[in-house]
Every structure is written in structure tokens, then in C-alpha cells.
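Data first, discussion second: the structure below is written as C-alpha cells.
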Amino acid sequence: MSKIKFNIPYLSSSGNENLYISDVINGSHYSGNGRYTTKCHNLISNILDCPNVLLTDSCTSALEICASIIRDYSSEQEVIIPSYTFSSTAAAFAKLGFKIIFCDIDKNSMMMDVEDAISKITKKTAAIIAVHYGGDVLNLDRLSLTCKEKNVNLVEDAAQAFGCSIDNKMAGTIGDYACFSFHETKNLHAGLAGCFVAKNKSDMSRATFIWERGTNRSEVLKGAVDKYTWVELGGSYYPTELQAAFLFAQLESFDTNLQKRKELHNQYVESFQSLQLNIKKQAISQSVKHNGHAYWIKLPSEDKLTGLIEFLRSKEIDAYIGYVPLHNSPISKKLNFYLGTLPVTESESKLILRLPIHCAMSISDVKSVVKNINSYLQG
Ligand SMILES: *Cc1c(COP(=O)(O)O)cnc(C)c1O
């Protein structure tokens with residue numbers, strides 16, 4: 001049997017990635033914000049049913065755009081972020097001078113403990129960053145209301161949630177701002193790319209200035225002003241046309257990719273259901289349409305987790321641990337973001353195991369992963 005890798009970056013079955021990249025080369029405009037960027041904008045807008053999108057070179061850059069829009073340099077500002085997340089979620093805000101206040105997670109979903117987040121709101125809180133984890137979507141009903149009441153921005157780190165919805169609302173269109181990742185480890189990708197989303201159209205002119213290195217060049221192109229000038233602390237945040245062309249082919253395969261991933265995820269659910277194992281399993285709520293980005297389990301102890309990873313490796317199956325918490329990391333201590341323990345984050349992050357899931361896998365691969373986990377735990 002051949003090795004079951006944790007991820008194999010997606011390629012569309014049409015093979016149009018090659019065709020569109022050749023088209024860029026023939027057209028000789030490479031640097032970005034061109035034809036394929038516009039095509040991606042249109043397709044992403046259609047999928048999300050939201051017009052306010054900007055393609056970025058990564059989700060990290062999209063988070064930096066969110067942070068730049070929210071930052072008021074004349075005051076001290078805090079943002080509340082779950083500690084159980086990727087470093088970029090916090091770093092994008094920390095770099096612009098926000099104080100990071102870490103909150104705990106809910107043990108069942110491994111996503112933000114909304115009550116803990118709300119209890120940490122102060123007069124300095126400028127934003128709460130909700131992270132949708134593992135193809136699941138955090139219910140934002142209560143958080144949205146509280147944020148509105150307290151005049152706090154709600155940002156969705158939807159890096160892993162492209163195409164997901166909750167109560168028929170697309171992930172990434174619920175908060176004030178959101179970001180997606182098109183890194184090769186995500187469902188659809190361009191090697192590296194991402195996307196920024198704003199709920200309100202009124203944010204798009206500032207977002208566009210920040211996107212284009214902080215200048216108002218877009219106003220010059222529209223004829224609104226005759227010379228461009230430096231108006232925001234921006235970055236060089238858009239991807240090249242080569243990446244956009246590749247991504248456009250991937251976005252065209254959105255439905256096929258989603259279908260396949262859902263089948264694999266549902267097979268994990270089904271295969272584990274028939275077994276009596278002493279593990280916790282990812283359980284996505286009925287109100288969520290997931291995108292099959294991930295499937296995870298939690299072992300009863302850290303030793304069992306390490307043992308299982310080694311056992312699976314001996315069977316040529318890759319499986320990985322989850323995030324290492326950020327709140328007690330070296331950089332958090334250095335920057336004074338470490339404000340004490342987060343019990344659920346600290347205990348649960350040591351038990352989680354992410355299983356392989358990608359479009360080059362078959363249903364029988366999933367069965368084989370589950371069979372091996374069963375034999376390790378029963379053995
Ligand atoms: C992948 C990921 C990111 C970073 O995405 P890049 O496109 O690599 O910058 C940020 N947040 C979460 C939750 C992610 O999973």
C-alpha cells in the first residue's frame with residue numbers, strides 16, 4: 001500500500017492552471033491587480049455572495065489589512081484572540097502595536113470560548129478575532145450582538161473556512177472583516193495567496209489604499225485625483241497575476257473540490273461511528289455546512305497521542321498535532337501578552353490529532369486510516 005500523506009496540494013481536474021499561466025505570460029502583465037485578479041475577485045464574490053473582496057498574497061497579509069484598518073495610532077488598543085490558533089492571527093495585530101489579549105477555547109469545537117472572550121472586553125478593546133477551525137464555523141450570533149453594543153470590531157480568521165456556512169450565512173461575511181487563505185495546505189490554493197473581505201463597501205477605499213502600498217493610486221486611475229500620494233501604512237499585499245491565474249483555475253473547481261472533501265470527511269465520521277473507541281471526535285454542528293478541510297480526533301492522554309503518531313508513521317500514514325498555544329510562547333512573554341493560564345487550551349491542545357484529508361485520497365484510504373487507529377487503540 002502506498003503512503004497516505006497528510007496533504008497533497010490540490011490541482012484542478014481541468015488542468016487549467018497551466019493554460020491560464022501561459023495566458024499571463026502571453027499577455028506580459030505579471031505584477032498583479034490585472035485581468036486574473038479581477039476574474040478571481042468576481043468568482044470569490046459570487047461564492048461568498050459579497051462584493052467587497054481583495055485578493056492578497058496570503059491570509060497573513062489579509063489579517064494585516066484588517067489590523068491596519070482598525071488601528072488608531074493615537075490610542076492604546078487591545079484585540080482578543082484565541083490562543084489556540086496560527087501565529088499570524090496574533091502577529092498581524094501585534095506588529096501594528098495592538099496588545100494581544102488571549103482567550104480560551106471551547107473543548108468540543110476547539111474554537112473560541114465566546115463567554116471568555118466577552119469577559120475580557122475592556123474600554124481598550126478594538127476587535128475580537130474569531131477563528132473558524134478545521135472546516136467548522138464558530139457561531140457568531142452572540143459575539144456579533146455584543147460587539148455591536150460595545151463598538152468592537154469583529155474579525156473572522158476564516159483561513160480554513162472558504163465555502164463553509166452557518167445558518168446559511170457564508171463564513172467570512174458575518175463579521176466586519178474577514179480573511180481567507182489560499183496556501184497550498186488549504187482546500188484551494190495558489191501556492192501562497194489569500195483574500196480580504198469587508199462587510200461594508202465604505203471600507204473598501206481605505207482597504208484598497210492599504211492593499212496597494214498605502215498610496216491612493218486607485219483614485220488616480222479613476223481620475224478622482226491627479227497625483228498619487230502616501231495616505232495609509234500599507235503593504236505590497238496583492239499577489240502576482242501568475243498566482244491569480246493559477247488560483248482562478250482552482251476557484252473554477254470549487255464545487256468538485258468541496259464535494260470530494262465532504263465525502264472523505266463524512267467517511268471518517270461514518271467509519272468511527274461504528275467503533276467503540278475511547279476518543280473524542282470532531283463533531284460539526286447541524287447548522288454548519290463544512291468544507292471538509294480537516295478531520296480531527298482527541299486521544300485520552302499525551303502518551304497515547306505520541307504513541308499513535310508513531311504507530312501511524314510505521315504504517316506510512318501521516319498525522320499531525322494541532323496548534324501549540326500562543327499565550328505562553330516565548331514571543332508572548334517577551335511582549336507581555338502572557339497574562340496567566342488558559343486551562344482548556346493548555347490541556348486540550350496536547351491531545352488533538354489531525355488526520356490526513358486531501359483530494360488525492362480515496363474512501364478506502366480513509367477506511368485504512370481508521371482501521372489502523374482502531375488496531376492501535378484496541379491493541
Ligand atoms: C493557514 C492559516 C493562516 C495563515 O495563512 P497564510 O495564507 O499562510 O498566511 C492564518 N490563520 C489560520 C487559522 C490558518 O489556518
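Coordinate-derived values only; no laboratory data. These numbers were taken from a predicted model, which means no experiment stands behind them. Reconstructed Cβ throughout: ideal geometry from the backbone, glycine too, with neighbour counts over all protein chains shown.
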Just going by the charge dipole of the chain, with Lys and Arg at +1 and Asp and Glu at -1 on Cβ, which of Gly379, Ala244, Tyr323 is farthest out on the positive end? Gly379
Based solely on C-alpha atoms, express the radius of gyration and the Dmax of the range 89-164 in angstrom. 12.2, 34
What angle, in degrees between 0 and 90 and rounded to the nearest 10, separates the Cα long axis of helix 141-150 from the longest principal axis of the Cα atoms of the chain? 40
Once Lys and Arg are counted +1 and Asp and Glu -1 for all other residues with Cβ under 15 Å from that of Phe337, the total becomes +3
Distance in Å, no decimals, from the C-alpha centre of the range 144-162 to the one of the range 278-314 is 27
Rounded tilt (10° steps) of 16-27 against the dominant C-alpha axis of the chain: 20
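Considering Cα pairs under 8 angstrom that are at least six residues apart, work out the relative contact order of the range 114-165 and quote it in whole percent.
Here the relative contact order equals 45 percent.
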For the chain, find the longest principal axis of its Cα atoms and tell me its angle to the long axis of helix 59-70, 0 to 90°, nearest 10. 50
Leaving out same-chain residues fewer than 8 places away, which aspartates and glutamates sit with a Cα under 12 Å from that of Lys199? Asp49, Glu156, Asp176
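Charges only on Cβ, +1 for Lys and Arg, -1 for Asp and Glu: so what's the dipole of the chain about the Cα centre, in debye to the nearest 20? Walk me through the numbers on the way to the answer.
Working: 39 positive and 39 negative charges, 59 e Å.
The dipole of the chain has a size of about 280 debye.
Can you figure out the FRET efficiency of Asn278 with Glu316, using R₀ = 25 Å and their beta-carbon distance, to the nearest 0.05?
The computed FRET efficiency comes out at 0.50.
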Compare the Cα positions of Leu143, Leu264, Asn187 along the charge dipole of the range 139-267 (+1 at Cβ of Lys, Arg; -1 at Cβ of Asp, Glu; about the Cα centre) and return the one farthest towards the positive end. Leu143
Under 19 Å, Cα to Cα: Lys pairs in the range 248-330, sequence gap 8 or more or different chains: 9
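Take the alpha carbon gyration tensor of the range 209-277, find the square roots of its eigenvalues, order them as a ≥ b ≥ c, and report rounded if a/c is under 1.5; if not, report prolate when a/b exceeds b/c, else oblate.
Prolate is the answer for the range 209-277, as a/c is 1.5 or above and a/b outweighs b/c.
With a ≥ b ≥ c the root eigenvalues of the C-alpha gyration tensor of the range 272-374, is it rounded (a/c under 1.5), prolate (a/b larger than b/c) or oblate?
Cα axes put the range 272-374 in the prolate bin.
Relative contact order for the range 231-314 using alpha-carbon pairs under 8 Å, separation at least 6, rounded to a whole percent? Don't skip to the end; give the middle numbers.
On the way: 31 pairs, mean separation 22.4, N = 84.
The normalised contact order for the range 231-314 reaches 27 percent.
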To the nearest 500 deg cm²/dmol, what mean residue ellipticity at 222 nm is calculated for the chain from DSSP H runs of n ≥ 4 alone, each contributing -39,500 (n - 2.57), summed and divided by the residues? -11500 deg cm²/dmol
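For the chain, what is the relative contact order in percent, using Cα pairs closer than 8 Å and at least 6 residues apart in sequence? Spell out each step's value before the answer.
Working: 765 pairs, mean separation 88.2, N = 379.
Once normalised by length, the contact order is 23 percent.
Expressed in whole Å with the largest first, what are the equivalent ellipsoid semi-axes of the range 16-252 derived from the C-alpha gyration tensor as the square root of 5 times each eigenvalue? Before the final figure, lay out each step's value.
Details: eigenvalues 176, 94, 40 Å².
Computed over the range 16-252, the values are 30, 22, 14 Å.
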For Gly134, net neighbour charge (Lys/Arg +1, Asp/Glu -1) across residues whose Cβ lies under 15 Å away: +4
